[in-house]
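Heads up, the thing below is written out as structure tokens.
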Amino acid sequence: MSEMRAAIVARHGGPGCLHYGTAPLPATPAGWMRVRVLACAVNMLDVFVRRGMPGVQLDLPHVPGGDIVGVVDELGEGSAGPDPGTLVLVDPMVNRKALGEDLPGGLAEYVVAPAGNAIRLDAPADHAPRYAALPIAYGTARRMLIGRAAVQPGETVAVLGAAGGVGVAAIQLGKQIGARVIACSSSRAKLDRLGELGADELVDTSGGEFGAQIWRLTGRTGADVVIDYIGADTWPQSIRALRRGGRLVTCGASSGFTAETDLRYVWTRELSILGSDGWSRGDLLELVSQVRAGRLAPVIHGVYPLCQVRDAIAEVEERRAVGKVVVVPDDTR
């Protein structure tokens, strides 16, 4: 076999720039492994890769997809990795680059990655989608909450864009910590679902003044932590929604990178603005352990065969999903 089926970004632009087709079967370099993909979750990152990101040069055609679970198919020369046939979760981070973003990803039948990026899974193969949901969304959320904001039991955490993959993960992990979680979304239906997932308070952002709602819900003291990866559209109100000594944490800016900051709030309330970039291997190991033990159930919005990858990405891009969308091989759905 010299070819495989894959989702291919042929050029940057709209949905039509990604197609389902064939690509060369990747060779396995020394120290790397080739994985037969059983599940690959979709992220907004895949949308940004298809659209093209400012300042990022990507060799096209390109296969997106960073959240990968599969079976080791082949080891490259000198690879100290799991034996072929082992079920693994693949850590997408490769020397500060990422599978699916900078390197060919897992929205395909096969993907290659450093053998050291494998995390063995003691689980049935049909559990692959729940583990594929973990790295980018749940890993990012865990680092934001624990590694950067150091959220403590009893603190109030407001999550913007709460219905997305990172947002849902932040709600679940925040509740694990023992925080009071305020979920913010512009969709009433999504808010109802977020309430079912454990959010303590629900804020409808469709009217624009979500900051005032958070202020009222906290007895006019403000949230301890605000998770904001939306950026320009929400940043000014996120600043105002924080209590004295509060922390604003960001891992991205889907509505724009240039955000207005009223510095009077920053100094008078002694606020901390924290950036969070990705996840650590420790984050992924802990998340895998929690799923294995039944302490964490990643929220799966839908599962699509690879041949319907455009539909899967549309669920995320058009913001219909609550939680994660996962793509599986055509013959295993």
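Mean separation of Cα pairs under 8 Å and 6 or more residues apart, divided by the residue count, gives the chain a relative contact order of 18 percent.
Sort out for me the Cα centre separation of the range 222-296 from the range 1-47, rounded to whole Å. The range 222-296 and the range 1-47 have Cα centres separated by 31 Å. All C-alpha pair distances within the range 136-275, sorted into 5 Å bins from zero, spread as 2, 11, 23, 26, 23, 11, 3, 0 percent across the bins.
The fraction of Cα-Cα pairs per 5 angstrom bin, counted from 0 for the range 133-187, comes to 5, 24, 33, 25, 11, 2 percent, rounded to whole percents. Modelled label positions at Thr268 and Leu285, each set 7 Å beyond Cα in the direction of Cβ, lie 4.6 nm from each other. On the basis of the beta-carbon distance and an R0 of 41 Å, Asp233 and His127 show a calculated FRET efficiency of 0.65.
Of all lysines in the structure, those lying under 26 Å Cα to Cα from Lys190, and not within fewer than 8 positions of it along the same chain, are Lys175, Lys324.
All of the numbers you see were taken from the coordinates with simple rules; none came from a lab. None of these values were measured; they are calculated from a predicted model. Cβ sites come from the backbone with ideal geometry, for glycine too, and all protein chains shown count toward neighbours.
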